[in-house]
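Every number here is computed from the coordinates shown, using simple stated rules; none is lab data. These numbers come from a predicted model, not from an experiment. Counting neighbours? That spans all protein chains shown, and the Cβs are built from the backbone with ideal geometry, glycine included.
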Amino acid sequence: MFTEAPTTDDRARLPVAGADGLGRALRDLRLSVTDRCNFRCGYCMPKEVFGRDHAFQPKSELLSFEEMERLARIFVGLGVEKIRVTGGEPLLKRDLPVLIGKLAALKGLKDLAMTTNGSALAVMAKPLFEAGLKRVTVSVDALDDSVFRRMNDVDFPVNRVLKGIDAALEAGFGPVKINMVVKRGVNEDQMVPMARHFAGPQYVLRFIEYMDVGATNGWRLDDVVTAKEIVRRLSGEMDLLPVAANYVGEVARRFRCAVSDTEIGVIASVTQPFCRGCTRARVAADGEFFTCLFGAKGHDLRALLRGGLSDERVADAIRAVWGARDDRYSEVRSEGAGMPRAEMSKLGG
Ligand code: SAM
Ligand code: SF4
Ligand code: SF4
């Protein structure tokens, strides 16, 4: 029982039908459409592990667009209001607008977004917008071309991504969200140039603490530039005014740059965990359902879909998994150190 006006965190924990073991409702779905990517960002798919001979999942193991649509419809029936399409790199699926069209038509879905590395956005932005995609987030870790190429580790030039962002704005997306993962000694000097470049109400810029996801990126706490440090360093260069949270469970601490009218957010998943408001489910491209970004093993929804179960029975299975959920990895990070976990390129961020 709450005796005072609930805070945003408290509201996420008020008793809700279908909530998990910590009172968190199921509201968001991250749908990964492929485990493949054309980049090899060291913090996600390091080349030494995801080399030329890396065996990605065969097509037969991946959900078809029809299966993804069916699952998405079931999730929406269970309370999901927002779907974010991700990967791997979702734009490697050249027919992605077909899936977007199917998802956009789902009754009850309020928001449909996509996270991409932007490499093919110049050609894909318009068809995706026309198919019904509402919002796009582009990952850009540096403006300096040599730093950007080093971050993606496949020598991809930053200009092509910037052209993709322009194409997204021209197509009608706006504001376009930009994600920058900050890694100590690698791209930290790019924070201020990024904030200066992505200035204006057409952009929302998010700085993300480098996370210990997966088991292949060799994460060390020393490589994390903390949210506190990010804000301190930006504040030294520009006036940042704090902004209140948009909705319950919002993960970014938000600021507004007084001069450029840009919204800047910092996602402090390592130093200020937000598990208590985490209403997010993840489905990998093969139909494995995870209730936490740091899970090792998910639940096989593909077997249920292909096993002839009705939508109601699949919904029951998802409800049971969500009801038993007690994940709060980021809050108890040290206890989970060294434990096996799935890769970010599978879970989609
Ligand atoms: N390929 C797309 C992209 O890069 O936007 C979508 C998938 S990617 C896994 C989704 C997001 O996860 C990206 O914004 C990426 O920067 C972020 N990400 C990947 N590994 C990360 C890590 N170790 N720490 C923090 N963010 C990470
Ligand atoms: Fe690919 Fe995105 Fe992972 Fe980079 S962060 S390797 S672009 S999936
Ligand atoms: Fe959600 Fe798991 Fe991240 Fe906590 S650690 S915010 S439960 S995904």
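Taking the Cα atoms of the chain, the ratio Rg/Rh between the radius of gyration and the Kirkwood radius comes to 0.94. Could you tell me the center-to-center distance, by alpha carbons, between the range 127-145 and the range 213-258 in angstrom? Result: 20 Å between the Cα centres. With distances taken between every two different alpha-carbon atoms, the range 10-111 has a Kirkwood hydrodynamic radius of 15.6 Å. Each Lys and Arg adds +1 at its Cβ and each Asp and Glu adds -1 at its Cβ; summed about the Cα centre, the chain shows a dipole of about 420 debye.
Here the range 37-57 and the range 67-104 have alpha carbon centers that stand 24 Å from each other. Among the trypsin sites (Lys or Arg not before Pro) within the range 67-96, those in coil by DSSP and having at most 15 neighbouring Cβ atoms inside 10 Å are Arg94.
Using only side-chain charges placed at the Cβ, +1 for Lys and Arg and -1 for Asp and Glu, the dipole size of the range 140-243 relative to its Cα centre rounds to 140 debye. The calculated FRET efficiency for the pair Ala215 and Ser235, based on their C-beta separation and a Förster distance of 35 Å, comes to about 0.50. For Ala315 and Phe56, a Förster radius of 22 Å and the Cβ-Cβ distance give a FRET efficiency of 0.15, rounded to the nearest 0.05. Considering only Leu78, Thr34, Ala245, the residue lying farthest towards the positive end of the dipole of the range 28-347 is Leu78, judged by Cα position with unit charges set on Cβ.
For Pro201, neighbours were defined as the other residues whose beta-carbon sits under 11 Å from its Cβ, and their charges (Lys and Arg +1, Asp and Glu -1) total -1. With N the number of residues in the range 200-271, Rg(Cα) / (2.2 N^0.38 Å) evaluates to 1.21.
Rounded, prolate or oblate: pick one for the range 191-349, where a ≥ b ≥ c are the square roots of the eigenvalues of its C-alpha gyration tensor, a/c under 1.5 means rounded, and failing that, prolate if a/b is larger than b/c, else oblate. Verdict is prolate for the range 191-349. The residue list Ala285, Ala324, Gly118 was ranked by how far each Cα lies along the charge dipole of the range 28-347 toward its positive end, using unit charges on Cβ atoms, and Ala324 comes out on top.
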